[in-house]
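Engineer: Quick one: the structure is below, and I'll ask about it shortly.
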Amino acid sequence: MDCSLCGSTHVKIKFNMISDRQIFACSDCDIQFLSPQLNDQELIKLYSENYYFAWGVSGNEENESTKRMKIATFQLRLSLILQYIKKGKILDVGCATGYFLETAKEKGFDPFGVEFSEYSSAIAKKKFGEDNIFWGTLETSHFNDNMFDVIAMSDLIEHVRIPEQTLSKASKLLSDNGVIMIMTPDARSLSNMLMKKKWTHYKLEHFFYFSKKSIICVADKCGLSVVHFEKSKKALNFEYLHTQYKVYKHWLLTPAINFLYFIFPKKLRSKNFYFSIGEMVVILKKKQA
Ligand SMILES: [Zn+2]
């Protein structure tokens, strides 16, 4: 098999994910990827309402402590973006129900979103208007070229079938002085090295696992350059972790978090803490001609 990012033939199986699907790693560009990918039907099934159960979100009701936690994380992302761009149109790709856009709107940005899930895009449309939210993929969206000052992709690029295509489209939609913010798991993080194939980010819906080297490689192919790289921090609380690991069972973390949850004072369960959990944040700009 050739590398699906750089085309190199130096690709090896890293481990078996499940019986017929493996994680491959390219020793040239450093990308890791799942092959074969889930098909569309398997994906739709996975992204349907049940997926959001892991967020403590069901029906139209948004869990308050999850919401506060997500917003705290998004404020971190926004303060990084604000170092480059202070106002204008912002597009959140994979906007889910629109937490990030709510935060961006409060800071004075004009909010737009793309969301693959019909269920969550409907919720986002109610918040930001029919025209501002596109139900589908970025590649098929109706937005104009050079339209956006900021394009945000949190927990998105690892989900798409062809990252180069998604990022090329983002590059087209971006204004000349705009920035793209990507947050994604870091396959060269400490947590990956320690947990190996039990790393919590290895999931069937994650098709690609980037590192600093491979994100620079894909950016370069799309006419973009990486102007900032950092280990990303996330706000987490025990309320959320408890719900997550009830759904995504982990041999060590599920019992550990259950234990901590029950010994933790009730008031502190929904208090936010900041952790670096094996993800990275990068800022991209168009290459100057
Ligand atoms: Zn490669």
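Engineer: Kindly provide the set of residues from segment 231-244 that are of a type outside the set (Val, Ile, Thr) and either modelled with pLDDT under 90 or surrounded by 18 or more Cβ atoms within 10 Å (Cβ to Cβ) (or both), ordered by number.
Structural biologist: Quick first cut of segment 231-244, residues of a type outside the set (Val, Ile, Thr) only: 231-242, 244.
Matches in segment 231-244: Ser232, Lys233, Lys234, Ala235, Leu236, Asn237, Phe238, Glu239, Tyr240, Leu241, His242, Gln244.
Engineer: So, one more: Specify the residue that is farthest from Ala187 (Cα to Cα); the eligible residues are those in segment 1-16 that are more than 8 Å from the ligand (Cβ to nearest atom) and of a type in the set (A, V, I, L, M).
Structural biologist: Per the stated criteria, the residue is Met1.
Engineer: Does segment 250-278 hold any residues that are at pLDDT below 80 and closer than 19 Å to Trp199 by Cα, and which are they?
Structural biologist: Phe275
Engineer: Note down all Cβ pairs under 8 Å where the first residue falls in segment 23-42 and is touching a residue at least 12 places away in the same chain (Cβ under 8 Å), the second is of a type outside the set (A, V, I, L, M, F, W, C) and part of a helix (DSSP H, G or I), and they're at least six residues apart or on different chains.
Structural biologist: Between residues of segment 23-42 that are touching a residue at least 12 places away in the same chain (Cβ under 8 Å) and residues that are of a type outside the set (A, V, I, L, M, F, W, C) and part of a helix (DSSP H, G or I), the close pairs are Ile23/Lys197; Cys26/Ser214; Cys29/Lys213; Cys29/Ser214; Asp30/Lys213; Asp30/Ser214; Ile31/Ser214.
Engineer: Separate question: Test each condition in (1) in contact with a Phe, Trp or Tyr (Cβ under 9 Å, 6 or more places away or on another chain); (2) surrounded by fewer than 19 Cβ atoms within 10 Å (Cβ to Cβ); (3) small (Gly, Ala, Ser) for Gly98 and report the one that comes out false.
Structural biologist: The failed condition is (2).
Engineer: Would you check if Thr73 is within 18 Å of the chain's Cα centre (by Cα), at pLDDT below 85 and more than 16 Å from the ligand (Cβ to nearest atom)?
Structural biologist: Working: within 18 Å of the chain's Cα centre (by Cα): yes; at pLDDT below 85: no; more than 16 Å from the ligand (Cβ to nearest atom): yes.
In short, no.
Engineer: Is there any pair with a first residue in segment 237-252 that is farther than 16 Å from Arg269 by Cα and a second that is surrounded by fewer than 20 Cβ atoms within 10 Å (Cβ to Cβ) whose Cβ atoms are under 7 Å apart and which are 6 or more apart or on different chains, and what are they?
Structural biologist: That search, which allows pairs on different chains as well, returns Val247/Phe53; Val247/Ala54; Tyr248/Ala54; His250/Thr200.
Residue by residue, here is whether (1) under 17 Å from the mean Cα position of the chain (by Cα); (2) modelled with pLDDT under 90; (3) not acidic (Asp, Glu) holds:
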{"site": "Phe53", "(1), (2), (3)": "no, yes, yes"}
{"site": "Ser65", "(1), (2), (3)": "no, yes, yes"}
{"site": "Arg68", "(1), (2), (3)": "no, yes, yes"}
{"site": "Gln83", "(1), (2), (3)": "no, no, yes"}
{"site": "Ala104", "(1), (2), (3)": "yes, no, yes"}
{"site": "Val114", "(1), (2), (3)": "yes, no, yes"}
{"site": "Ser117", "(1), (2), (3)": "yes, yes, yes"}
{"site": "Phe134", "(1), (2), (3)": "no, no, yes"}
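Engineer: For residues in segment 17-33 being polar (S, T, N, Q) and near the ligand (Cβ under 10 Å from one of its atoms), which is nearest to Glu205 (Cα to Cα)? Walk me through how you get there before you give the answer.
Structural biologist: Going residue by residue through segment 17-33, those that are polar (S, T, N, Q) are 19, 22, 27, 32.
Still in the running and near the ligand (Cβ under 10 Å from one of its atoms): 27, 32.
Details: Ser27: 23, Gln32: 14 Å.
Applying the filter and picking the extreme gives Gln32.
Engineer: Take the conditions assigned to a helix (DSSP H, G or I) and within 18 Å of the chain's Cα centre (by Cα) and apply them to Tyr261. Does it pass?
Structural biologist: No, not satisfied.
Engineer: What about His159, is it free of Cβ contacts under 8 Å to residues at least 12 places away in the same chain and touching a strand residue (DSSP E or B) at 6+ places or on another chain (Cβ under 9 Å)? It would help to see each step written out before you state the result.
Structural biologist: Details: free of Cβ contacts under 8 Å to residues at least 12 places away in the same chain: no; touching a strand residue (DSSP E or B) at 6+ places or on another chain (Cβ under 9 Å): yes.
Against the criterion (free of Cβ contacts under 8 Å to residues at least 12 places away in the same chain and touching a strand residue (DSSP E or B) at 6+ places or on another chain (Cβ under 9 Å)), His159 does not qualify.
Engineer: Determine if segment 160-172 includes at least one residue that is in contact with a helix residue (DSSP H, G or I) (Cβ under 6 Å, 6 or more places away or on another chain), hydroxyl-bearing (Ser, Thr, Tyr) and modelled with pLDDT of 95 or more.
Structural biologist: There is at least one residue in segment 160-172 that is in contact with a helix residue (DSSP H, G or I) (Cβ under 6 Å, 6 or more places away or on another chain), hydroxyl-bearing (Ser, Thr, Tyr) and modelled with pLDDT of 95 or more.
Engineer: Mind counting the residues in segment 34-47 that are within 16 Å of the ligand (Cβ to nearest atom) and among the β-branched types (Val, Ile, Thr)? It would help to see each step written out before you state the result.
Structural biologist: Step one: list which residues in segment 34-47 are within 16 Å of the ligand (Cβ to nearest atom), which gives 34-35.
From the residues that got through so far, the ones that are among the β-branched types (Val, Ile, Thr) too are none.
The total comes to 0.
The values are calculated or read from the model by the stated rules, or taken from the named source; none is laboratory data. Please read all numbers here as calculations on a predicted model, not as lab measurements. Heads up, the Cβs are rebuilt from the backbone with ideal geometry, glycines too, and the neighbour counts pull from every protein chain shown.
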